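Since the structure comes first, as structure tokens, the remarks are kept for the end.
The values are calculated or read from the model by the stated rules, or taken from the named source; none is laboratory data. Since we're looking at a predicted model, the values are computed, not measured. Cβ atoms come from the backbone with ideal geometry, glycine included; neighbour counts cover every protein chain shown.
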Amino acid sequence: MNNKSLLSWKINMVKQNPAKGVSVAVFILALSVFAGTTADNVLFVFISFIVLGIYVLPYYLPVTYTLTETSVIIKTGWMKKERNWSEFRRWEQSGNAVKLYTMKNRSRLDNYRAWLLRTGQRIDDVVTIVSEKIPS
């Protein structure tokens with residue numbers, strides 16, 4: 001199988017908007033302290049901070065997108081998702097991102113099944129490759 005990498009790039013959301021990253025961290029810390037004082041238990045502060053921190057961790061970790069001859073790969077920290085180009089039926093450009101859909105026609109499930117490729121400065125390269133792999 002020819003699985004040559006066509007394009008690979010990294011996006012770090014917190015670097016694009018550091019103010020939002022700081023505000024989310026402060027909000028999680030405040031919510032954790034509130035949970036601990038409401039429950040009158042210091043352990044709840046740590047538990048809620050860990051749970052909420054894990055929930056927003058993908059925002060703070062860099063995401064690596066790789067477009068190959070046969071598939072699309074998204075890596076975030078410990079998680080790796082891969083899908084073949086043949087699974088996607090349509091695509092559309094949305095600002096500095098490309099949405100890949102698994103259904104040919106619009107559906108209510110689009111928000112749950114679609115993949116969002118944040119492109120950053122590489123929007124033209126990504127659109128060129130996606131338009132070749134997923135015909136309209």
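Pick out the one residue from 123, 134, 73 that is at pLDDT 90 or above and either farther than 24 Å from residue 14 by Cα or of a type in the set (Lys, Arg) (or both).
134
Looking at (1) closer than 20 Å to residue 17 by Cβ; (2) in contact with a helix residue (DSSP H, G or I) (Cβ under 7 Å, 6 or more places away or on another chain); (3) of a type in the set (A, V, I, L, M, F, W, C), which one does residue 123 not meet, given that it meets all the others?
Among (1) closer than 20 Å to residue 17 by Cβ; (2) in contact with a helix residue (DSSP H, G or I) (Cβ under 7 Å, 6 or more places away or on another chain); (3) of a type in the set (A, V, I, L, M, F, W, C), residue 123 violates only (2).
Does residue 74 qualify as being crowded, with 17+ Cβ neighbours inside 10 Å, farther than 16 Å from residue 130 by Cβ and of a type in the set (Val, Ile, Thr)?
Spelling it out, it is not the case that residue 74 is crowded, with 17+ Cβ neighbours inside 10 Å, farther than 16 Å from residue 130 by Cβ and of a type in the set (Val, Ile, Thr).
Just for the range 1-51: of the residues that are charged (D, E, K, R) and outside any helix (DSSP H, G or I), which one is nearest to residue 69 (Cα to Cα)?
Looking at residues that are charged (D, E, K, R) and outside any helix (DSSP H, G or I), I get 4.
Filter the strands (runs of 3 or more DSSP E) completely within the range 58-126 down to those with at least 1 residues that are more than 18 Å from residue 3 (Cβ to Cβ) and touching a residue at least 60 places away in the same chain (Cβ under 8 Å).
By residue number, 115-118.
For the range 20-49, give me each residue that is under 25 Å from residue 78 (Cα atoms) and exposed (fewer than 12 other Cβ atoms within 10 Å of the Cβ).
22, 23, 26
When the range 1-19 is examined, which residues are found to be exposed (fewer than 14 other Cβ atoms within 10 Å of the Cβ) and in contact with an Asp or Glu (Cβ under 9 Å, 6 or more places away or on another chain)?
Scanning the range 1-19 gives 1, 2, 3, 4, 5.
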